[in-house]
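The values are calculated or read from the model by the stated rules, or taken from the named source; none is laboratory data. Everything numeric here is computed off the predicted structure, so don't read it as measured data. Neighbour counts run over all protein chains shown; Cβ positions are idealised from the backbone, glycine included.
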Amino acid sequence: MTENAKPEIQIGTVESDPSIYIEVTRDGPYIVHGVPPLHVEVITPNSTGHSWTYTEGQAFAVKNGTALCRCGHSRNKPYCDGSHLKAGVNLTETAPFTPMLDGAQEIDGPVVSLTDNEAYCAFARFCDNGNRIWNEVQMPGEQHVKLAVYMAHHCPSGRLIVWDNATRQPIETPQPATLSLLEDPVEQCSGPLALDGGIRVQSASGESYEIRNRQTLCRCGASSNKPFCDGSHASIKFQDGLER
Ligand code: FES
């Protein structure tokens with residue numbers, strides 16, 4: 001796709017109001033266009049300590065044009081305070097513009113199937129909560145299908161998609177356009193900026209990435225798949241200082 005061409009929309013995704021989108025700036029912050037809600041979402045474990053649900057936390061004000069930190073060094077997170085100018089973090093975008101499913105593996109089951117593109121993993125671990133989604137899709141029985149769909153829908157990055165074998169369509173639920181600051185108290189770190197609801201992400205080049213229902217953008221500065229999160233925040237124990 002070239003600049004100004006219509007961006008790809010992943011199958012199963014409903015695009016948000018086009019006035020809402022995220023602009024990645026060259027070596028700088030994310031600029032929020034439109035006024036989507038922004039709040040903390042805490043990855044909340046079950047009694048066995050596995051990721052199970054999200055708990056909504058503090059809300060933050062957003063205006064059209066709000067700049068959000070993506071280098072990890074702002075002292076006013078989640079907002080940009082200009083620290084990227086001195087931080088020396090390489091913020092070059094390296095993710096491909098090609099559809100995410102192009103690089104996905106497929107795991108077939110009797111009723112549903114799974115596609116998995118590990119490069120987009122945000123390490124939220126809903127896929128491995130005592131049961132593993134890769135096994136669940138291969139097992140017969142309604143409870144396994146339900147659990148696999150539940151796990152995939154909680155995967156914030158959209159790495160995992162469950163498909164209905166009968167219709168060959170992804171099982172996705174349209175979401176309102178929302179920005180979330182993920183916090184992971186079990187791993188004692190902060191995570192990416194999660195985008196729900198088909199929000200367009202525009203590269204600093206002007207080209208847009210494929211629009212997807214669930215996406216996660218790096219805000220620690222350490223991802224090898226920028227602007228998307230690749231789970232590196234857990235290795236570096238990224239801390240944004242927000243309440244979890
Ligand atoms: S926030 Fe996940 S790699 Fe940076």
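Scanning segment 172-185 for residues that are under 19 Å from residue 160 (Cβ atoms), surrounded by fewer than 22 Cβ atoms within 10 Å (Cβ to Cβ) and not hydroxyl-bearing (Ser, Thr, Tyr) gives 174, 175. If I ask for residues that are in a loop (DSSP other than H, G, I, E, B), in contact (Cβ under 8 Å) with a residue 60 or more places away in the chain and surrounded by fewer than 19 Cβ atoms within 10 Å (Cβ to Cβ), which ones from segment 94-116 would you list? Listed by number, the residues that qualify are 94, 97, 98, 99. Starting from residues that are of a type outside the set (S, T, N, Q), out of contact with any Cys (no Cβ under 8 Å at 6 or more places or on another chain) and assigned to a loop (DSSP other than H, G, I, E, B), keep the ones in segment 124-157 and report whichever is nearest to residue 227 (Cα to Cα). Ranking the qualifying residues of segment 124-157, first place goes to 156. For segment 210-244, residues that are more than 16 Å from the ligand (Cβ to nearest atom) and within 25 Å of residue 12 (Cβ to Cβ) total 4. Total residues in segment 79-88 satisfying the condition of being crowded, with 17+ Cβ neighbours inside 10 Å and touching a Cys at 6+ places or on another chain (Cβ under 6 Å): the figure is 2. I'd like to check something: does segment 126-143 contain any residue that is touching a Pro at 6+ places or on another chain (Cβ under 9 Å) and in contact (Cβ under 8 Å) with a residue 40 or more places away in the chain? Looking for residues that are touching a Pro at 6+ places or on another chain (Cβ under 9 Å) and in contact (Cβ under 8 Å) with a residue 40 or more places away in the chain, one finds at least one in segment 126-143, hence yes. Return the residues of segment 177-203 that are more than 14 Å from the ligand (Cβ to nearest atom), hydroxyl-bearing (Ser, Thr, Tyr) and assigned to a strand (DSSP E or B); say none if nothing qualifies. Residue satisfying the conditions is 178 alone. For residue 206, indicate whether it is more than 16 Å from the ligand (Cβ to nearest atom), at pLDDT 95 or above and on the phi > 0 side of the Ramachandran plot. In short, yes.
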